[in-house]
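Note sheet for the following structure.
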Amino acid sequence: YRSASSVRPAPGNLRVGVLSSLSAAEQSLMPLVAEFSGLFFQRNSKVVETIDVPKAALETRRGDGRGQLDARVLLAGLPDDCTRDGGACLWLTGEDLYISGLQYVFGLAQYQRRQGVVSLHRTLRAPAKEGLAQGALSSRIDSLRRLLKVAVHELGHPFSLQHCVH
């Protein structure tokens, strides 16, 4: 890992923002995701303003109704504003995401641009475990835990961490 040419200095600051709009309950999770990510990576973190989903990503919808967005096109269309100082950004969206060859993804990140996106569609809105009433406290805790795990996973990529091949 250390000898790999892809290793570079860790991002200085972390920023967490929203793509498009989220419900009030989902929006209230933003400070928690920012705080947890900052503690996990031992970096300053903050919530940044909401931005719109790039138009090019909206044109990649597949499926019926709202459909899914291509996560690669979505990431490519995001502004570089929040990473110019060597920071990293994580964007949360309510949109369901996919990439070519996969039915869906929980999130995706780009190492080079130091940005990632996490879909709340699969992290928070997954069905409750068998035997639990929908909306039960343990179900909400499981959803939050899943969201935080996916968030730090995607933020790990801007830190030059790759997927384990073993």
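Taking other residues whose beta carbon is less than 13 angstrom from the beta carbon of Lys149, and scoring Lys, Arg as +1 and Asp, Glu as -1, yields +1.
Here Asp52 and Cys164 are evaluated by their C-beta separation; at R0 = 41 Å the FRET efficiency comes out at 0.75.
Taking 0.36 nm per intervening residue step and subtracting the Cα-Cα distance, what contour gain separates Phe40 from Arg145 on full extension? Don't jump to the answer; show the numbers that get you there.
Numbers: separation 105, 0.36 × 105 = 37.80 nm, distance 1.35 nm.
Separation in residues times 0.36 nm, less the Cα-Cα distance, equals 36.4 nm.
Volume per residue, Å³, of the convex hull around the alpha-carbon atoms of segment 60-128? Walk me through the numbers on the way to the answer.
Values: hull volume 6.5 nm³, N = 69.
It is 95 Å³ per residue.
Using only alpha carbon pairs under 8 Å that are at least six residues apart, calculate the relative contact order of segment 15-85 and give it in whole percent. List each step's numbers first, then the result.
Numbers: 68 pairs, mean separation 21.3, N = 71.
30 percent.
Return the FRET efficiency for the residue pair Asn13, Arg66: r is the Cβ-Cβ distance, R0 is 41 Å, and the value is rounded to the nearest 0.05. Mind showing how you got there, number by number?
Numbers: r = 33 Å, r/R0 = 0.80.
The computed FRET efficiency comes out at 0.80.
Positive contributions from Lys and Arg (+1) and negative ones from Asp and Glu (-1), summed over other residues with Cβ under 14 Å from the Cβ of Lys46, come out at -2.
Rule-based calculations on the coordinates, nothing more; no lab input. None of these values were measured; they are calculated from a predicted model. Because the Cβ atoms are built from the backbone with ideal geometry, glycine has one as well, and the counts that use them run over all protein chains shown.
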